[in-house]
Amino acid sequence: MGRAPYLLLWLFTFGILISMLIIPNQSRTEIVAYSQLKQMIRDGTVAQAIVAQHEITVIRKEAAGTDPIRFRAVTPAQGDPELLPLLEKENVTVTALAPSEGSLLTYLLPWLVLIGFYVWLQRRMMGQMGGGVGPGGIGELFKGRFSKPTDQRSRVTFADVAGQDQAKKEVAELVEFLREPERFQQVGAEVPHGVLLMGPPGTGKTLLAKALAGEADVPFFSTSGSEFIEVFVGVGAGRVRRMFEAARKAAPAVVFIDELDSIGRTRGTGLGGGHDEREQTLNQILAELDGFDDKAAVVVLAATNRPDVLDPALLRPGRFDRHVVLNLPDKTARRAILDIHARELPLADPANLDEIAAGTPGFSGADLKNLLNEAAIAAARRRANTITEADLQEARDKVMMGTVRTLAIQPEERHRLAVHEAGHTAAAFYTPGADLLYKVTIIPRGRALGGTHMLEKEERHTLPEDYLRSQLVILLAGRAAEQELIGTVSSGADDDIKRATALARSMVARWGMDADLGPVDLRQSEDHPFLGQTIAQPHEHADRTAARVDDAVIALLKEASDEAARLITEHRSQISSLVGELESQEVLDREQIEACLSDGGNVRPLKRPQH
Ligand code: ADP
């Protein structure tokens with residue numbers, strides 16, 4: 001992708017060259033020997049001659065007027081004194097060209113034009129990347145790829161950012177500085193110029209930066225770190241310089257650099273290409289940050305979801321020294337985000353958003369916005385005027401797990417699928433303290449063939465040990481049910497085993513939940529998810545300790561698996577009725593699940609779920 005503009009440039013040049021080669025053929029000039037050409041004149045077949053210093057071109061009588069073939073010959077070096085009298089004698093119309101015409105300039109002109117155009121195009125391209133040149137022309141072609149750092153007036157305000165109260169508060173402190181920089185400068189107050197917004201994707205980092213510019217009513221310049229990668233060396237740095245220059249000119253202003261980690265990784269550890277370019281760009285950003293005097297009322301916000309990989313130089317005092325953390329929203333914040341984005345939507349009952357907010361733990365602000373959009377699309381497809389609860393639920397499942405897939409599943413496999421899901425559901429139902437069951441389905445969606453959906457009873461910030469142990473039982477109960485009701489296990493438990501193992505490993509190696517090993521951080525490798533500022537470095541362990549961790553993990557999983565098997569055996573008849581019901585209905589909601597599992601299989605007549 002990064003080479004596309006070059007390719008275009010070369011194609012263009014190549015095209016011009018080819019056309020230059022072709023054009024003489026198109027005007028049909030044949031090069032002939034001088035003697036041959038003179039013979040034509042003698043034969044009286046020539047109507048017109050164009051005589052230049054070193055060559056002569058003739059057009060024959062019969063061809064004149066239409067699309068004449070021209071014959072051209074180079075005249076002898078010493079000239080031919082017979083030529084002019086001969087032309088006169090044969091009554092040929094003679095046009096004489098001045099020495100410069102038809103000679104050097106004629107040859108050089110296309111080349112000059114070509115080179116000029118090439119230079120113009122290249123400057124234009126650089127201009128686009130550097131953000132300096134106005135719209136129009138071929139430069140527009142590259143706009144999509146090298147979007148120029150924009151100076152927009154942002155109309156977003158803090159009211160558009162729901163939740164994130166702490167982050168909002170910290171960023172809001174800068175509003176006054178941007179509004180009245182003089183007031184701060186007068187008393188010699190040093191206001192932080194660099195703010196690092198840290199948080200998982202979609203939590204509103206860009207939104208918050210825009211809101212700052214919007215609240216202060218100052219220009220907003222934004223760019224993304226990833227745009228600097230793939231570009232040839234030197235351009236990124238130039239672009240950074242130009243953007244800061246523009247921002248200084250427009251000061252007070254907000255500069256936003258998204259995905260700072262893609263350029264701001266620790267120097268000297270670049271993977272693959274683009275390394276030099278990244279370092280240069282990073283150095284330029286550092287230089288710009290250092291170059292702010294206190295008069296420049298420019299605030300630079302940068303966003304990242306990998307603060308752990310950032311070059312420490314970026315975080316030094318005077319650079320991105322103020323750190324603002326944005327977290328995934330909790331239930332109340334999710335409700336507030338849904339409210340903001342549902343402002344313009346015709347909801348059948350706004351109270352439905354409560355349940356959606358409760359049922360979307362782990363969703364980011366961007367996910368919630370997407371959910372509402374999907375629900376609106378679903379309503380439009382139904383040609384309905386309002387968005388119903390069913391639209392919202394469907395959208396939630398879609399965003400969480402992907403779209404429903406049509407997959408040909410054989411009855412036998414379908415039965416196994418139902419047994420597997422019934423196992424998870426039953427374990428969740430019979431385990432005290434587990435999350436609330438919400439829905440079970442054997443409709444394939446996204447990558448999953450079926451699903452048991454649970455809702456957290458309340459927002460959890462720490463996970464107690466007994467809750468985690470019950471999670472292991474629930475995860476392994478699908479497999480246990482297959483074993484108990486069908487007699488064999490299958491590969492369907494692949495993801496369950498993976499997740500259970502990862503969880504058990506965390507319990508042992510991170511959270512000290514194995515009595516023998518105790519509270520020791522025994523992680524083998526660095527974890528990558530966003531964890532605020534602290535990321536544990538990998539440790540070296542003795543092989544003996546590593547083996548003990550493995551043993552403890554295996555023991556935890558074995559215990560959970562046995563407990564799952566016990567639960568399934570104990571409630572076998574109820575589970576069988578759940579399997580039957582699931583096979584016939586494909587989706588069961590909370591009430592239907594309860595009906596199967598608590599009454600020993602006497603299913604109450606229930607409404608058919610919407611699907
Ligand atoms: P990030 O920069 O953290 O990846 P964005 O700011 O680009 O996330 O968020 C994408 C979109 O999600 C925003 O434009 C906004 O519509 C929505 N969004 C995210 N967080 C919030 C929030 N806290 N309040 C309201 N909308 C949000």
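The values are calculated or read from the model by the stated rules, or taken from the named source; none is laboratory data. Everything numeric here is computed off the predicted structure, so don't read it as measured data. Cβ: placed from backbone, ideal geometry, glycine included. Neighbour counts: every protein chain shown.
Restricting to the range 454-488, name every residue that is within 11 Å of Val419 (Cβ to Cβ) and aliphatic (A, V, I, L, M). Within the range 454-488, Ala477, Ala480, Ala481, Leu485, Ile486 qualify. Scanning the range 317-334 for residues that are over 22 Å from the mean Cα position of the chain (by Cα) and within 11 Å of the ligand (Cβ to nearest atom) yields Ala333, Arg334. Looking at Glu190, Glu182, just one residue is assigned to a helix (DSSP H, G or I), more than 10 Å from the ligand (Cβ to nearest atom) and either over 26 Å from Arg334 (Cα atoms) or of a type in the set (A, V, I, L, M) (or both), and that residue is Glu182.
One residue stands out among those in the range 196-207 that are buried (at least 24 other Cβ atoms within 10 Å of the Cβ) and among the hydrophobic types (A, V, I, L, M, F, W, C): the one that is nearest to the ligand (Cβ to nearest atom), which is Leu197. Taking the condition within 30 Å of Glu173 (Cα to Cα), modelled with pLDDT of 80 or more and within 16 Å of the ligand (Cβ to nearest atom), does Thr150 pass? It is false that Thr150 is within 30 Å of Glu173 (Cα to Cα), modelled with pLDDT of 80 or more and within 16 Å of the ligand (Cβ to nearest atom). Quickly run through the range 377-390 and pick out the residues that are under 12 Å from Pro346 (Cα atoms) and either crowded, with 19+ Cβ neighbours inside 10 Å or in contact with a Lys or Arg (Cβ under 6 Å, 6 or more places away or on another chain) (or both). Ala379, Ile387, listed by residue number.
Looking only at the range 294-334, filter to residues that are β-branched (Val, Ile, Thr) and under 20 Å from Glu259 (Cα atoms); which one of those is surrounded by the most Cβ atoms within 10 Å (Cβ to Cβ)? Working first, answer last.
Applying the first criterion (β-branched (Val, Ile, Thr)) to the range 294-334 yields 298-300, 304, 309, 324-325, 332.
Checking the rest, the ones that are also under 20 Å from Glu259 (Cα atoms) come to 298-300, 304, 309, 324-325.
Working: Val298: 24, Val299: 30, Val300: 24, Thr304: 24, Val309: 14, Val324: 20, Val325: 17.
Across the range 294-334, the extreme among qualifying residues is Val299.
Of everything in the range 341-359 that is crowded, with 18+ Cβ neighbours inside 10 Å and touching a residue at least 40 places away in the same chain (Cβ under 8 Å), the residue that is nearest to the ligand (Cβ to nearest atom) is Ile356. Within the range 239-292, being among the charged types (D, E, K, R), at pLDDT below 75 and not in a helix (DSSP H, G or I) holds for Arg265, Arg267.
With respect to Val156, is the statement that it is closer than 30 Å to Gly236 by Cβ and either at pLDDT 60 or above or assigned to a helix (DSSP H, G or I) (or both) true? Break it down into steps so the answer makes sense when it comes.
On the way: closer than 30 Å to Gly236 by Cβ: yes; either at pLDDT 60 or above or assigned to a helix (DSSP H, G or I) (or both): yes.
Yes: the conditions hold for Val156.
Checked against (1) at pLDDT below 85; (2) in a loop (DSSP other than H, G, I, E, B), Tyr438 meets all criteria but (2).
If Thr545 satisfies every condition in (1) part of a helix (DSSP H, G or I); (2) surrounded by 14 or more Cβ atoms within 10 Å (Cβ to Cβ); (3) at pLDDT 90 or above but one, which is the exception? Against the list (1) part of a helix (DSSP H, G or I); (2) surrounded by 14 or more Cβ atoms within 10 Å (Cβ to Cβ); (3) at pLDDT 90 or above, Thr545 comes up short only on (3).
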